[in-house]
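The values are calculated or read from the model by the stated rules, or taken from the named source; none is laboratory data. Since this is a predicted model, take the numbers as computed values, not measurements. Here the Cβ is made from the backbone with ideal geometry for all residues, glycine too, and neighbour counts use every protein chain on show.
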Amino acid sequence: MRIRPCDMRAAWGRHRWLPLLLPQCRSVDQALVEFGWMQGLAPDNIVQGNAVQGNAVQGNIVQGNAVPGNTAARRLLRGCAARFRGVPLQYVLGSQPFGAAELVCRPGVLIPRWETEEWALKLARAIARYSSQQPLAQPLKLTLVDLCTGTGCVPIGIHDELARAPSLIKYTAVDVSPQAIDLCRLNVGRRAIEVKQVDVLRQDSPADIVGGLGPGRGLGLGRGPAIDILLCNPPYIPRKAFTRTTARSVRLYEPRLALIADKEFYKNLVDVWSQHTNSFVYEIGDSSQYEYVKQALDPSVWSVGLHIDSNGCPRAVYGYRNSIPSIAYIFEEFKQPRYV
């Protein structure tokens, strides 16, 4: 879609740098919103001129052809120029909200998506619902492992959502990328989340993670798989579909390591990780990945379901062992639409 000349004129009338945002924003209103967010990174007096009257965001936009007068103004101009080139907004701002957390985002690490946030917080609320049913003297104990963690958004989001729940959850975040591990550690901060660098596709990779966990904490049996809930947002876009199905900014600026694959991670789940967990949630790109997992796992052992996101798209395959009532309860809650 081409940018209309009238939109270019309207953007220029607000601020001479605003037209730089139109190729990504497609409207003056959205460009104003992004410009306001980027101004939040700089002092209020970054440019000279008369403030435009309007809402809180537009009121911070200045009019005229002022020249950058200080470092903050130059930083704002660089941000607008980066957006013009298609750099994702989260990399320009350096952050992305996820649940209650504000996560640091850096190039080289996948940006958290709302679709991931939706199912992760839905699961957290299902865990909280189950936890609230337990006697106060017996807080819920679970072991939760997140593979391909990236920024650490999933375990951090669940951790923060359950901060007030009567639970004792052991969190582990795992990634193969050194950049992701460093960023995850930064985002985790003082939270009780262990971070490990492991190639999860290796056949022996579970030993690097579950060795110190002991049996699943939700079992209360002193035996069985070490992980209660295994989570993963793996690469799932087939290479042949990558150019056709992704935005230009994604192709140019986000790490392909975190994006391109087909069924490798789902096969790895079935062949390797399913032996070490009592349940799982894996994000998917299409229903064929769900069908693969469902057909590959023994239905006498596993119940497997499909999570549909609020846009009506297949978004995650989940499964749980039929023999564990506590885990089954959580996932029965996870199925409910009230948690979306």
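Is it true that some residue in region 247-258 is in contact with a strand residue (DSSP E or B) (Cβ under 8 Å, 6 or more places away or on another chain) and small (Gly, Ala, Ser)? First the steps, then the outcome.
We begin by selecting, within region 247-258, every residue in contact with a strand residue (DSSP E or B) (Cβ under 8 Å, 6 or more places away or on another chain); these are none.
No, there is no match, as no residue in region 247-258 is in contact with a strand residue (DSSP E or B) (Cβ under 8 Å, 6 or more places away or on another chain) and small (Gly, Ala, Ser).
Can you run down the residue pairs with Cβ atoms below 9 Å, 6 or more apart or on separate chains, where the first is in region 186-206 and in contact (Cβ under 8 Å) with a residue 60 or more places away in the chain and the partner is buried (at least 21 other Cβ atoms within 10 Å of the Cβ) and of a type in the set (Asp, Glu)?
Taking only residues 6 or more apart or on different chains, the pairs are Val200/Asp175.
Before we move on, is Gly94 within 30 Å of Arg16 (Cβ to Cβ) and of a type in the set (Gly, Ala, Ser)? If you could, list the steps in order and put the result at the bottom.
Working: within 30 Å of Arg16 (Cβ to Cβ): yes; of a type in the set (Gly, Ala, Ser): yes.
Answer is yes for this residue.
Assuming Tyr130 fulfils every condition listed in (1) under 18 Å from the mean Cα position of the chain (by Cα); (2) in the same structural domain as Val198 (by the TED database); (3) aromatic (Phe, Trp, Tyr) apart from one, which condition is it?
That leaves (1) as the condition not met.
Scan region 162-175 and tell me whether some residue there is assigned by the TED database to the domain that holds Leu140, of a type outside the set (S, T, N, Q), in a helix (DSSP H, G or I) and at pLDDT below 90. Before the answer, list the steps.
We begin by selecting, within region 162-175, every residue assigned by the TED database to the domain that holds Leu140; these are 162-175.
Narrowing further to those that are of a type outside the set (S, T, N, Q): 162-166, 168-171, 173-175.
Going one step further and asking which of them are in a helix (DSSP H, G or I), we end up with none.
No, region 162-175 contains no residue that is assigned by the TED database to the domain that holds Leu140, of a type outside the set (S, T, N, Q), in a helix (DSSP H, G or I) and at pLDDT below 90.
Just wondering, is there one or more residues in region 19-27 that are more than 26 Å from Val109 (Cβ to Cβ), at pLDDT 90 or above and aliphatic (A, V, I, L, M)?
Checking region 19-27: at least one residue is more than 26 Å from Val109 (Cβ to Cβ), at pLDDT 90 or above and aliphatic (A, V, I, L, M).
In a loop (DSSP other than H, G, I, E, B) and at pLDDT 85 or above: which single residue out of Arg2, Arg16 fits that description? Can you show your working first?
On the way: Arg2 fails: at pLDDT 85 or above.
Every option except Arg16 fails the conditions.
Here is a check on your reading of the model: is Gly214 at positive phi, modelled with pLDDT of 95 or more and surrounded by fewer than 18 Cβ atoms within 10 Å (Cβ to Cβ)?
In short, no.
Somewhere in region 319-326, is a residue at pLDDT 95 or above and part of a helix (DSSP H, G or I)?
Checked against the condition, which is being at pLDDT 95 or above and part of a helix (DSSP H, G or I), region 319-326 yields no hits at all.
If only one of Val301, Val272 is over 23 Å from the mean Cα position of the chain (by Cα) and in contact (Cβ under 8 Å) with a residue 60 or more places away in the chain, which one is it? Spell out the reasoning first.
Details: Val301 fails: in contact (Cβ under 8 Å) with a residue 60 or more places away in the chain.
Selected residue: Val272, the only one of Val301, Val272 that is over 23 Å from the mean Cα position of the chain (by Cα) and in contact (Cβ under 8 Å) with a residue 60 or more places away in the chain.
Which one of these is in contact with an Asp or Glu (Cβ under 7 Å, 6 or more places away or on another chain) and modelled with pLDDT of 90 or more: Ile193, Ile237, Ile227, Ile181? If you could, list the steps in order and put the result at the bottom.
Numbers: Ile193 fails: in contact with an Asp or Glu (Cβ under 7 Å, 6 or more places away or on another chain); Ile237 fails: in contact with an Asp or Glu (Cβ under 7 Å, 6 or more places away or on another chain); Ile227 fails: in contact with an Asp or Glu (Cβ under 7 Å, 6 or more places away or on another chain).
When all the criteria are applied, what remains is Ile181.
Read through the list (1) acidic (Asp, Glu); (2) more than 26 Å from Ser132 (Cβ to Cβ); (3) assigned to a helix (DSSP H, G or I), then give the number of the only condition that Glu333 fails.
(2)
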